[in-house]
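Here's the structure, in structure tokens; my notes come after.
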Amino acid sequence: MEQNKKLTMIEKLNNLLIRGGLISPYNEEQTGHLVEACRHYLVEEDFDENFFSKIVALYVEGGYDEDLQKFVLEFIVENYNEDSNMPSCVWQTLTFFVIYLSLKENDDAEMQAIYSCSLQNRLIECKGRWKILRFQKELVELFYYMDSYMEDKYEIKDVCSIDVLKQIYSENGFQGQVISSNTALALKFIGQNAWEFRMNSFLNSSKVKEEKNPYIRAVTVLEYVFINKPWFYMPVDLKYLLKETFSRPINKALPLRTILKSIIDIGIVLVEEVNSNSSKILQILEKGEIPEDSYLDERFMPNEFMVYLYNELLLEAKLKVYGTE
Amino acid sequence: MEQNKIDLIQTDSPKTQSSAGVNAESFLSSQKEGSSSRFYCDALYDYSINNVIGSLVPHLITLVGFSEIGKSTFVSSMYHELMINGCIGEYQFIDSDTFAGFERRAYVRNAKISPERRLARTTNQEGYFLTMEFIKGHEQKKLIISDRSGETYQKVYTSDLNAVKKDVALINSPHIIFFIDVSSLMNDTEFLSFKDSFGLLLTRMQQADVFVNRKTLDILFNQSDKLVTDKQKKIFEENAVTIKQMIKEHGNISQEFNIISNRMVDNEGLNNVFKYMVSSCDAFNEDVVENVDWVSSFLKD
């Protein structure tokens, strides 16, 4: 089984190297050495979201990770006594391969979710120029781990029996009782309903309904959601949020630069501290300064902007509770 | 170009001083695969081609055909076009890692001055990868042409499956142009012999998994000026159908060309092939996968 897994990754890397520009592919043994070196890089370096987002940034820019290059060259000399001279296209490919490995061979579902979300967030810089991204077939395999992780963590079930409801309203309620796990689940279900009720009330409030600027409206809704959501894993139906936030069709898209300026001007603070380098919108809002980056000239529809911002807030919220639940 | 120069400087093996006025044939025969080249920027081998790949994803076109059917003459003509005009279509020629490789081919074929002086040919010891860099608008493109000796295809690959299996660049090449000499198809006796050899080559290529990876297959009939009489044209047409059918068994034929590779003047057909080859650098970029714009995909669902 382990051997099969190894062979598959060797084949995958070989395929990526050829598509990455290598004309004369390496043999299976040489490619295997590169796979092993990349695996060790993930283990031996202090690989975390910060490290991951740095590598993703290099991949998006079409560059390569020089630390990875140094590590791989040393690893190959030390372990296989080979002196390698590899072209830059190999290092660019390995930079992507490390991203691929860090998700595909990660046994930690929480880290997988964080990396995946971080990767998706970073792609805001590629809007309108998707062609620059290499290995897209493999790239899309790395999306949506956060969704499945959250679904696994909190499966919503109507486990609230009428007896539990009656007990809540009985004279003594649960006073003096040890709450069973089933009752705790039932209370969570009730809690979810209460949360949804509150969220709906907010979505219908004048603060949301009377806000003329759709981008500010999106920020207002997301601010409410992420400040008040009682538990990280509490499911939020983003499609529903979008529908309620933009009840009338909007066809006007504004440059991201303009959108961010209007948000900075009203001084909303969405997170206390931005932890991920891939949270580009939140970083700019935190600094209150808009850089010259060209992706900021891309136009975003209000709903597109809201999805990107939602995902950044989701990642930041996850990083805040990382390892605690 | 720099990298190829560096490789030459850094090589450990001692170099022999090349003399002025070198005899092309004796020079070529002295080349051994694996030995370092005597020229800066010479054509490259499997072991050296990767060293000149920078950050640009190159497009590799492999020319497949038997001896003396004009593959290298075709390459020389392409080089001549670039040297004279500095461009092919909208693509401005800006550099090559293998100028000497082109010059060597152009010299031995004397493509421009006297095409009849075709005494020498590409030997199977010679480097075969030739590179060209272009710029179109703001985008830089790199085209690599694999111009192996016809002898390799005719004598080695038809008889030795392992040799084909070792040609990993051919196996992974995304684009093959089969070069066919018109004279092999306009005479039934010659055709039978050619058909057998060509069929054997295709079989060996298939056995070596050359056709497993997605490939663009083109066919190029060279020296079409040899078709003079109606009878010749008729026999050629019939036999060309057979050859095309043989190739189609391994994949669809994308383009078909009829050219005269050593005539540079008023040769629109030849220029069209050059343009097609250079523009292939655009077409072979990886497609954008729809879901990569994950936000749009989410909103569409």
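The values are calculated or read from the model by the stated rules, or taken from the named source; none is laboratory data. Note that the structure is predicted; figures quoted are calculated from it, not measured. Note that each Cβ is placed from the backbone with ideal geometry, even for glycine, and that neighbours are counted across all protein chains shown. Heavy atoms of the whole protein, side chains included, go into the accessibility calculation; ligands, DNA and RNA do not. Shrake-Rupley method; radii C 1.70, N 1.55, O 1.52, S 1.80 Å.
List of remarks:
- When residue A:160 is tested against (1) surrounded by 15 or more Cβ atoms within 10 Å (Cβ to Cβ); (2) touching a residue at least 12 places away in the same chain (Cβ under 8 Å); (3) in a helix (DSSP H, G or I), just one condition goes unmet, and that condition is (3).
- Candidate set from the stretch B:44-61 (those that are at pLDDT 90 or above and touching a Lys or Arg at 6+ places or on another chain (Cβ under 8 Å)); member that is nearest to residue B:153 (Cα to Cα): B:59
- Qualifying position, being over 23 Å from residue B:78 (Cβ atoms), of a type in the set (Val, Ile, Thr) and more than 14 Å from chain A (Cβ to nearest Cβ), among B:243, B:253, B:259: B:243
- Lone qualifier among A:220, A:245, A:183 - being touching a Phe, Trp or Tyr at 6+ places or on another chain (Cβ under 8 Å) and either β-branched (Val, Ile, Thr) or free of Cβ contacts under 8 Å to residues at least 12 places away in the same chain (or both): A:183
For every residue, the table says whether it meets (1) open to solvent by less than 20 Å² (accessible area, probe 1.4 Å); (2) farther than 25 Å from residue B:270 by Cα; (3) of a type in the set (Asp, Glu).
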residue: B:200; (1), (2), (3): no, yes, no
residue: B:214; (1), (2), (3): no, yes, no
residue: B:219; (1), (2), (3): yes, no, no
residue: B:228; (1), (2), (3): no, no, no
residue: B:237; (1), (2), (3): no, no, yes
residue: B:243; (1), (2), (3): yes, no, no
residue: B:248; (1), (2), (3): no, no, no
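- Within the stretch B:56-89, the residues that satisfy the criterion of being within 14 Å of chain A (Cβ to nearest Cβ) and either among the charged types (D, E, K, R) or not in a strand (DSSP E or B) (or both) are B:56, B:57, B:58.
- Odd one out for residue A:17 among (1) more than 12 Å from chain B (Cβ to nearest Cβ); (2) touching a helix residue (DSSP H, G or I) at 6+ places or on another chain (Cβ under 8 Å); (3) in a helix (DSSP H, G or I); (4) surrounded by 15 or more Cβ atoms within 10 Å (Cβ to Cβ): (1)
- Residue count for the stretch B:39-55, restricted to those that are within 7 Å of chain A (Cβ to nearest Cβ), part of a loop (DSSP other than H, G, I, E, B) and touching a strand residue (DSSP E or B) at 6+ places or on another chain (Cβ under 9 Å): 2
- Enumeration of residues in the stretch A:108-138 that are at the interface with another protein chain (Cβ under 8 Å from one of its Cβ atoms) and without any contact (Cβ under 8 Å) to a residue 12 or more places away in the chain: A:130, A:131, A:136, A:137
- Scanning the stretch A:278-313 for residues that are among the polar types (S, T, N, Q) and buried (at least 18 other Cβ atoms within 10 Å of the Cβ) yields A:278, A:279, A:303, A:311.
- Tallying residues that are modelled with pLDDT of 95 or more, assigned to a loop (DSSP other than H, G, I, E, B), surrounded by 18 or more Cβ atoms within 10 Å (Cβ to Cβ) and of a type outside the set (S, T, N, Q) within the stretch A:253-277 yields 1.
- Residue check for residue A:60: in contact with a Lys or Arg (Cβ under 8 Å, 6 or more places away or on another chain) and either away from chain B (no Cβ under 12 Å) or assigned to a helix (DSSP H, G or I) (or both): yes
- Residue pairs whose Cβ atoms lie under 8 Å apart, sitting 6 or more positions apart in sequence or on different chains, and linking a residue in the stretch B:257-270 that is basic (Lys, Arg) to a partner that is open to solvent by less than 50 Å² (accessible area, probe 1.4 Å), are B:263/B:115; B:263/B:270.
- In this structure, residue A:223 does satisfy being closer than 30 Å to residue A:251 by Cα and in a helix (DSSP H, G or I).
- Members of the stretch A:291-325 that are of a type in the set (Phe, Trp, Tyr) and in contact with a Phe, Trp or Tyr (Cβ under 9 Å, 6 or more places away or on another chain): A:300, A:305, A:308, A:310
- Residue within the stretch A:86-97 that is at pLDDT 95 or above and open to solvent by 30 Å² or more (accessible area, probe 1.4 Å) present: no
- Tally of residues being part of a helix (DSSP H, G or I), more than 30 Å from residue A:297 (Cβ to Cβ) and open to solvent by 10 Å² or more (accessible area, probe 1.4 Å) across the stretch A:101-135: 5
- Restricting attention to the stretch B:268-301, the residues that are over 25 Å from residue B:135 (Cβ atoms) and either away from chain A (no Cβ under 14 Å) or assigned to a helix (DSSP H, G or I) (or both) add up to 11.
- None of B:254, B:224, B:193, B:279 is open to solvent by 20 Å² or more (accessible area, probe 1.4 Å), of a type outside the set (D, E, K, R) and without any contact (Cβ under 8 Å) to a residue 12 or more places away in the chain except B:193.
The rows are residues; the columns are (1) more than 14 Å from every other protein chain (Cβ to nearest Cβ); (2) farther than 18 Å from residue B:206 by Cβ; (3) open to solvent by less than 30 Å² (accessible area, probe 1.4 Å).
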site	(1), (2), (3)
B:164	yes, no, yes
B:170	no, no, yes
B:182	yes, yes, yes
B:188	yes, yes, no
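- Selection count, the stretch A:278-320, where residues are away from chain B (no Cβ under 14 Å), assigned to a loop (DSSP other than H, G, I, E, B) and without any contact (Cβ under 8 Å) to a residue 60 or more places away in the chain: 5
- Checked against (1) within 29 Å of residue A:54 (Cβ to Cβ); (2) open to solvent by 40 Å² or more (accessible area, probe 1.4 Å), residue A:222 passes all but condition (2).
- Single match in A:171, A:151 (criterion: modelled with pLDDT under 85, loosely packed, with under 13 Cβ neighbours inside 10 Å and away from chain B (no Cβ under 14 Å)): A:171
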